[in-house]
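Dropping the structure in here first, questions after.
None of the figures in this text is laboratory data; all of them are computed from the coordinates on show. On a predicted model such as this, the values are computed, not experimentally measured, just so you know. Using ideal geometry, Cβ is built from the backbone for each residue, glycine included, and neighbour counts are taken over all protein chains shown.
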Amino acid sequence: ATCDLVGPYAYRDYLLPIHKIINERIDGPTILHICGNTLDRMGYIAGAGFKNFHFDSKVKANDAVAAVRGKISLSGNINNVETLLTGTVQKVAKEVIDALKDGVQIIGPECAVPLRVRNSNLRAIVDTILNNDYLN
């Protein structure tokens, strides 16, 4: 359902009704992940019954938070290639802090983590959050 494959109105007209049915039938919280820039359909996703939307770094965190208007929690958003794979621990920390300040509730990689990502960069996500100084 990325913007490359499904437009926002196709999501609204075809996938949203199915997502609502699925969420009504599942006895428990559900999470949806869609790669790519999904900002144009995040309002629809927020009304589909999911507990959480795991989103891509192609969507700015503050725009995602504004789009879902508190109807659903958000997770993800740390860039895999530019930040986790080729970036520094400091770059990871900055991206984590920015996402937290913007209101993303669960911080993590935007999608499947490349196998060559250094453990230190993954650990920087946790260390930055545990530092507790990110909102100062």
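Output the DSSP H helices from the chain with an along-axis C-alpha extent of no less than 15 Å and a mean Kyte-Doolittle hydropathy no less than -1.0.
Those that pass (Cα extent of 15 Å or more, hydropathy at least -1.0) are 89-102, 119-131.
Cα convex hull of region 20-90: mean projected area in nm², to one decimal?
5.3
With the Cα gyration tensor of region 63-136 giving a ≥ b ≥ c as the square roots of its eigenvalues, does the rule (a/c under 1.5 for rounded; else a/b larger than b/c for prolate; else oblate) give rounded, prolate or oblate?
Taking the square roots of the gyration eigenvalues as a ≥ b ≥ c, region 63-136 is oblate.
Here's something else I'd like to know. Determine the relative contact order of the chain: mean sequence separation of Cα pairs under 8 Å and six or more apart, normalised by residue count, in whole percent.
The normalised contact order for the chain reaches 20 percent.
Right, next: Please check: in the Gaussian network model of the chain (C-alpha springs, under 10 Å), which one of Val92, Val81, Val68 has the largest mean-square fluctuation.
Top of the fluctuation ranking is Val81.
Given springs between every Cα pair under 10 Å in a Gaussian network model of the chain, which of Leu115, Leu16, Leu39 has the largest fluctuation?
Result: Leu115 has the largest fluctuation of those listed.
Can you give the local net charge around Phe50? Use residues other than it whose beta-carbon is closer than 11 angstrom to its beta-carbon, Lys and Arg +1, Asp and Glu -1.
+3
Using only the Cα atoms of region 76-115, construct the convex hull and provide its projected area averaged over every direction, in square nanometres to one decimal.
2.5
Any chance you could count the Lys pairs in the chain whose alpha carbons are under 21 Å apart, treating pairs 8 or more apart or on different chains as valid?
For the chain, qualifying lysine pairs total 15.
Return the label of the correct value of Cα extents along the principal axes in Å, as calculated from the structure shown, out of (1) 42, 29, 27; (2) 85, 31, 22; (3) 42, 34, 25.
(1)
Another one. Could you identify which residue out of Arg69, Arg25, Arg41 has the top mean-square fluctuation in a GNM of the chain using Cα springs shorter than 10 Å?
Arg25
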